[in-house]
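A.B. asks: The following block contains the structure, expressed as structure tokens.
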Amino acid sequence: MVVRVQGEVDAATAPRMGETVNRLLAERRRVVLDLRDVDFMDLHGLAVLMRATRLARSDGGKFAIARPARCVRRLVELVHAEGDVRILPDGSDPLDAA
């Protein structure tokens, strides 16, 4: 399942994104978030990504992000979470990883 996220991911929107990701991981077990259209992400959004990664790993599922917008990639780098959140290589097809 590939889910395209748009707009801002912050304290107001991250909980809904987290609920959706958790539900999809429980149902489909393989989820990729396409983040190319994210305009802003704060630590609440990053926490969702990290929790989804841990949930997928503990439950035998797969979770990754694809095409992260510059603001997302920068946030991941700033907190040194590159090893915690799986980022698909640029140019890869997220459907292949889902």
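The values are calculated or read from the model by the stated rules, or taken from the named source; none is laboratory data. If you're wondering where the values come from, they're calculated on a predicted model, not measured in any experiment. No Cβ is skipped: glycine too gets one built from the backbone with ideal geometry, and neighbour counts run over all protein chains shown. Remember, those area values only see protein heavy atoms, side chains included, never the ligands or the DNA or RNA. Shrake-Rupley method; radii C 1.70, N 1.55, O 1.52, S 1.80 Å.
A.B. asks: Assuming a ≥ b ≥ c are the square roots of the Cα gyration tensor eigenvalues, decide whether the chain counts as rounded (a/c under 1.5), prolate (otherwise, with a/b larger than b/c) or oblate. Let's see the in-between values first.
C.D. replies: Values: a/c = 1.38, a/b = 1.19, b/c = 1.16.
It comes out rounded by the Cα gyration axes.
A.B. asks: Something else now. For region 9-84, what's the relative contact order in percent, using C-alpha pairs closer than 8 Å and at least 6 residues apart?
C.D. replies: 38
A.B. asks: Here is a further query. From the helices alone, meaning DSSP H stretches of at least four residues, give me the mean residue ellipticity at 222 nm for the chain, per-run term -39500 (n - 2.57), in deg cm²/dmol to the nearest 500.
C.D. replies: Calculated at 222 nm, the ellipticity per residue is -13500 deg cm²/dmol.
A.B. asks: Now, a different point. How much net charge surrounds CYS71 when only the other residues with a Cβ under 14 Å from the Cβ of CYS71 are counted, with Lys and Arg +1 and Asp and Glu -1?
C.D. replies: Neighbour charge sum, excluding CYS71 itself: -1.
A.B. asks: How many percent of the accessible area of the chain is carbon or sulfur, using a 1.4 Å probe?
C.D. replies: Looking at the chain in its full context, I get 49 percent from C and S.
A.B. asks: If you don't mind, there's one more thing I want to ask. Of MET50, MET1, MET41, which has the most accessible area with a 1.4 Å probe, and how do the rest follow in descending order?
C.D. replies: Putting MET50, MET1, MET41 in descending order of accessible area: MET1, MET50, MET41.
A.B. asks: Long-range amide H contacts for ARG4: which residues qualify at under 5 Å (H placed 1.01 Å from N, peptide plane, sequence gap of 5 or more or a different chain)?
C.D. replies: Result for ARG4 returns ASP34.
A.B. asks: Please list, in chain and number order, the residues 5+ apart from MET41 or on another chain whose amide H is under 5 Å from its amide H, with Hs placed from the backbone.
C.D. replies: Here VAL9 satisfy the definition.
A.B. asks: Are there any trypsin sites (Lys or Arg not before Pro) in region 1-68 that are in a DSSP loop and have at most 15 other Cβ atoms within 10 Å? List them by number.
C.D. replies: Qualifying residues, ordered by number: ARG29.
A.B. asks: Rounded to whole Hz and in sequence order, give me ³J(HN,Hα) for region 69-76 from the Karplus expression 6.51 cos²θ - 1.76 cosθ + 1.60, θ = phi - 60°, writing x for Gly and Pro.
C.D. replies: Karplus-based 3J(HN,Hα) across region 69-76 equals 4, 3, 5, 6, 4, 5, 4, 4 Hz.
A.B. asks: Quick one: which residues, 5+ away or cross-chain, put their amide H under 5 Å from the amide H of VAL31? H built at 1.01 Å from N.
C.D. replies: LYS62, PHE63, ALA64
A.B. asks: Sticking with this one: Over the heavy atoms of HIS44, what accessible area does a 1.4 Å probe trace out, to the nearest 10 Å²?
C.D. replies: 100
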